[in-house]
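Below: the structure, in structure tokens.
The values are calculated or read from the model by the stated rules, or taken from the named source; none is laboratory data. Owing to the predicted nature of the structure, the values given are computational and were not obtained by experimental measurement. Here Cβ is always computed from backbone atoms with ideal geometry, including for glycine, and neighbour counts include all displayed protein chains. Just the protein is used for accessible areas: all its heavy atoms, side chains included, with ligands, DNA and RNA removed. Shrake-Rupley method; radii C 1.70, N 1.55, O 1.52, S 1.80 Å.
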Amino acid sequence: MLKQNLQLKLSQKLSPQQIQLMKLIQLPTQAFEQRLKEEMVENPALETGKEDQYEADEFGNDDYDDYDDYDNERIEADDINIDEYLSDDEIPNYKLQTNNYSDDDEERTMPYAAPVSFHQSLSDQLNTFILSDNERDIAEFLVGSIDDTGYIRRSVDDIVDDMAFTQGIYTDSQTVENILHIIHQLEPAGVGARDLQECLLLQLKHKTPTESIDLAIDILENQFDAFTKKHYDKLLQKYDISQDQLRKAIDEIEKLNPKPGGAYESNSKVVEHVVPDFSIRIVDGELELSLNGRNAPELHVSKDYQEMLQSYKESKDRSNQQKDAVQFIKQKLDSAKWFIDAIKQRQETLFVTMNAIMHYQEEYFLDGDETKLKPMILKDIADMVGLDISTVSRVANSKYVETPYGTKLIKEFFSEAMKNDQGEDVSTIEIKKILQNVIDEEDKRKPLPDDKLAEILKEKGYPIARRTIAKYREQLDIPVARMRKRI
């Protein structure tokens with residue numbers, strides 16, 4: 001039996017140009033500048049800088065608004081109205097500067113020193129030791145086996161076998177252990193350890209001995225499990241010492257770095273500086289928003305391309321080669337005009353979206369108190385500015401705003417709403433901030449468990465379940481009560 005079904009499906013298909021525009025909107029300032037450079041290379045009809053011959057004008061050519069089928073359509077050269085491309089109105093100097101950006105804004109760049117890699121630093125330090133050729137080969141292999149955090153995560157026997165099979169270096173476990181003792185003398189202290197216990201001990205043994213350091217070494221060597229579980233009563237009884245003595249020993253351990261290699265890497269690698277896409281300032285008690293001027297380049301269509309069209313117009317004998325050239329020029333001009341318009345749309349989209357966010361969170365931006373951040377979801381802003389939620393998301397997810405209280409990732413201003421005991425909507429950001437304050441002020445000798453934290457927040461007007469407290473605590477990267485304990 002043959003059955004026929006009629007199914008209606010509503011779908012929206014974005015044109016290639018719309019997709020490109022969405023991608024442009026998503027780009028933060030630095031990535032946008034790189035995209036602009038790529039477009040300048042690909043399209044010789046697009047130029048940056050000032051063009052004195054033409055006055056700045058609004059982009060607008062109704063004859064070329066629809067580019068959906070552009071790539072599949074070939075317009076004959078004889079059908080092109082060349083005057084449209086030579087008109088001052090149609091090919092102006094597109095000066096894409098917003099009125100909140102001035103010519104004297106500076107683009108500040110910072111020079112960087114070329115860093116020495118972590119492993120190269122370790123290899124260089126080996127030169128200070130007197131080693132035979134065979135010992136140096138083993139030492140270099142061990143250095144190469146150290147991961148980025150500073151550990152050797154392999155057994156000595158595995159290393160011996162690996163050197164034999166892959167390097168043709170034949171040795172024994174005791175020789176590798178001896179060379180490993182040399183590796184343990186390298187900086188940063190603790191590098192080359194096989195586990196956390198050894199890493200901490202290596203760092204303590206690099207220090208000048210004191211009573212507290214000697215006790216800390218004894219604890220790590222003989223009571224490591226009790227220490228990691230913070231069973232301080234057991235340690236006090238075991239060593240028959242005062243709380244003050246134990247506190248000083250633990251303080252010495254807590255000063256150590258559990259990832260010595262990671263610390264070196266964070267100091268030596270080039271730090272990527274965040275370039276704010278927006279700036280919010282308070283002027284006479286009012287908020288003032290500006291878009292980073294690097295998002296507003298001066299663009300215009302190449303004068304050379306206009307002159308080529310003028311030559312074609314004045315030519316009486318038009319060869320097929322000339323017609324092909326005009327077709328190419330027309331395509332490049334259309335592409336350049338679309339790109340200029342897309343950048344303008346990008347500027348407008350970024351500005352109106354951030355402006356809506358700024359006014360929605362006006363109380364916060366005026367005094368910087370995070371507890372004044374209102375619940376805000378993407379739909380709230382999308383409804384205010386009349387844009388799609390996905391467009392607002394593209395603006396918020398990868399952009400930064402410079403405020404009087406630091407540079408912030410815009411998406412961090414968005415949060416869900418929860419009810420307080422008055423039935424009012426409050427931001428989850430506000431609740432997390434209060435939770436952080438309660439934990440900061442707790443007695444670290446008796447840290448508060450999650451159920452007690454829930455009781456305290458309920459007393460403050462926020463009826464939050466214990467499991468929600470645990471979720472927020474983990475999002476704030478705060479450990480459980482037992483791990484926050486101090487003596």
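Here the range 135-254 has 45 percent of its accessible surface on carbon and sulfur atoms, given a 1.4 Å probe and all protein chains in place. Using the 1.4 Å probe convention, the accessible area of the range 361-487 works out to 55 Å² per residue with neighbouring protein chains retained. Computed extension length for residue 233-residue 187: 13.1 nm, one decimal, from 0.36 nm per residue of separation with the Cα-Cα distance subtracted. Above 15 angstrom, tally the Cα pairs of the range 146-209 and express them as a % of all pairs, no decimals. For the range 146-209, the fraction of Cα-Cα distances above 15 Å is 54 percent. Dipole magnitude for the range 288-434: computed about the Cα centre from +1 point charges on Lys and Arg Cβ and -1 point charges on Asp and Glu Cβ, it is near 960 debye. Distance between the modelled labels on residue 388 and residue 223, one decimal in nanometres: 6.4 nm (7 Å Cα→Cβ projection). Considering the range 415-480, its Cα convex hull presents a mean projected area of 4.1 nm².
For the range 304-412, the fraction of 1.4 Å probe accessible surface lying on carbon and sulfur atoms is 46 percent.
Between residue 148 and residue 466, full extension at 0.36 nm per residue minus the direct alpha carbon distance yields a gain of 110.7 nm.
Projection of the Cα convex hull of the range 343-487, averaged over all directions and equal to a quarter of that hull's surface, yields 10.0 nm². Segment residue 455..residue 254, full-extension length gain: 69.3 nm, with 0.36 nm per residue of separation and the alpha-carbon distance subtracted. Summary value for the range 166-284: 22 percent relative contact order, contacts being C-alpha pairs under 8 angstrom separated by 6+ residues.
Computed from label points 7 Å out along Cα-Cβ, the spacing between residue 117 and residue 366 is 5.5 nm.
Computed from the C-alpha gyration tensor, the three semi-axes of the ellipsoid equivalent to the range 333-403 are 28, 13, 9 Å, from longest to shortest.
Considering only DSSP states other than H, G, I, E and B, which chymotrypsin sites (Phe, Trp or Tyr not before Pro) in the range 387-475 qualify as loop sites with at most 16 other Cβ atoms within 10 Å? Answer in residue order: 405.
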